[in-house]
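Read the structure below first, then the notes.
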Amino acid sequence: ETGVTQSPTHLIKTRGQQVTLRCSSQSGHNTVSWYQQALGQGPQFIFQYYREEENGRGNFPPRFSGLQFPNYSSELNVNALELDDSALYLCASSLDRDEQYFGPGTRLTVT
Amino acid sequence: QKEVEQDPGPLSVPEGAIVSLNCTYSNSAFQYFMWYRQYSRKGPELLMYTYSSGNKEDGRFTAQVDKSSKYISLFIRDSQPSDSATYLCAMSAHNYGQNFVFGPGTRLSVLP
């Protein structure tokens, strides 16, 4: 059984640029949730995808968008990057929105 | 007032001590309560899950939920150096796995 994987591990971008983060869900899982974790803070829910449809969204602006593919892997896209977007981005997968398993995260730095 | 509050620590205890970690919350709609452990440079891993009020025990870990006081706790008995991590409480109103609200986390160090 393969766990949740995320790529890349680290990323440095400039303010105003766009970024795409990727998540491969655990084998057999059909739900992916994305979280933003600023340094010293708990994760904040961005959105969830269930069977390729957005299924809940937190308090994040529209420049945060996502996608889930037929194999249930997922992408998080962030446009017009701001300095405050610097954080650890976590992906969690689950089966039918049940217990979540987190990946190791992607560390994004915006300069 | 933040929706979920948690003492950020850091908390340092000697090996073998009983550790008490706590969260308070303001949203009375929360029904699902979780505790996660997060090691440095890793994603959170689920330790305990409780629905509504009550206690739940799993090995050295005990979770307590008091909805009337909007207060949840995690107790760790016989703490080990390998328990050194950040502990995050999380809660949800509607459905397990959706729209979690996390506390800021408490850093715990268990000293040998």
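Of all residues in region B:27-53, which are under 15 Å from residue A:91 (Cα atoms) and either within 14 Å of the chain's Cα centre (by Cα) or at pLDDT 90 or above (or both)?
B:36, B:38, B:43, B:44, B:45, B:46
Looking at A:12, A:46 in this structure, which one is outside any loop (DSSP other than H, G, I, E, B), in contact (Cβ under 8 Å) with a residue 24 or more places away in the chain and loosely packed, with under 15 Cβ neighbours inside 10 Å?
Working: A:46 fails: loosely packed, with under 15 Cβ neighbours inside 10 Å.
Exactly one residue qualifies, and that residue is A:12.
Residues that are in contact (Cβ under 8 Å) with a residue 60 or more places away in the chain and either buried (at least 17 other Cβ atoms within 10 Å of the Cβ) or more than 13 Å from chain A (Cβ to nearest Cβ) (or both): which strands (runs of 3 or more DSSP E) entirely in region B:35-112 hold 2 or more of them?
Output list reads B:85-92, B:106-111.
Can you go through A:95, A:108 and tell me which one is touching a helix residue (DSSP H, G or I) at 6+ places or on another chain (Cβ under 9 Å) and farther than 15 Å from residue B:44 by Cα?
On the way: A:95 fails: touching a helix residue (DSSP H, G or I) at 6+ places or on another chain (Cβ under 9 Å).
Sole residue among the options that is touching a helix residue (DSSP H, G or I) at 6+ places or on another chain (Cβ under 9 Å) and farther than 15 Å from residue B:44 by Cα: A:108.
Any residue at all in region A:29-51 that is more than 12 Å from every other protein chain (Cβ to nearest Cβ) and polar (S, T, N, Q)?
Looking for residues that are more than 12 Å from every other protein chain (Cβ to nearest Cβ) and polar (S, T, N, Q), one finds none in region A:29-51, hence no.
Say we look at region A:56-111 and pick out the residues that are within 11 Å of the chain's Cα centre (by Cα) and among the β-branched types (Val, Ile, Thr); which of these is surrounded by the most Cβ atoms within 10 Å (Cβ to Cβ)?
A:78
When you look at residue A:35, is it of a type outside the set (S, T, N, Q) and over 30 Å from residue B:3 (Cα atoms), yes or no?
On the way: of a type outside the set (S, T, N, Q): yes; over 30 Å from residue B:3 (Cα atoms): no.
So residue A:35 fails the test.
With A:63, A:57, A:22, A:15 as the choices, which residue is under 25 Å from residue B:92 (Cβ atoms) and of a type in the set (Lys, Arg)?
A:57
Return the only residue of A:60, A:64 being within 14 Å of chain B (Cβ to nearest Cβ) and touching a strand residue (DSSP E or B) at 6+ places or on another chain (Cβ under 6 Å).
A:60
Of (1) more than 14 Å from chain B (Cβ to nearest Cβ); (2) farther than 25 Å from residue B:41 by Cα, residue A:74 satisfies all except one. Which?
(2)
So, in region A:79-111, how many residues would count as being closer than 16 Å to residue A:33 by Cβ and not acidic (Asp, Glu)?
Qualifying residue count for the region: 17.
Out of (1) hydroxyl-bearing (Ser, Thr, Tyr); (2) more than 24 Å from residue B:92 (Cβ to Cβ); (3) not in a loop (DSSP other than H, G, I, E, B), what's the single condition that is false for residue A:27?
(3)
Quick one: in region A:78-111, which of the residues that are assigned to a loop (DSSP other than H, G, I, E, B) and more than 8 Å from chain B (Cβ to nearest Cβ) is nearest to residue A:14 (Cα to Cα)?
A:111
Take residue B:56 and decide whether it is over 20 Å from residue A:101 (Cα atoms) and in contact with a strand residue (DSSP E or B) (Cβ under 6 Å, 6 or more places away or on another chain).
In short, yes.
The values are calculated or read from the model by the stated rules, or taken from the named source; none is laboratory data. All values reported here derive from a predicted model rather than from experimental measurement. Here the Cβ is made from the backbone with ideal geometry for all residues, glycine too, and neighbour counts use every protein chain on show.
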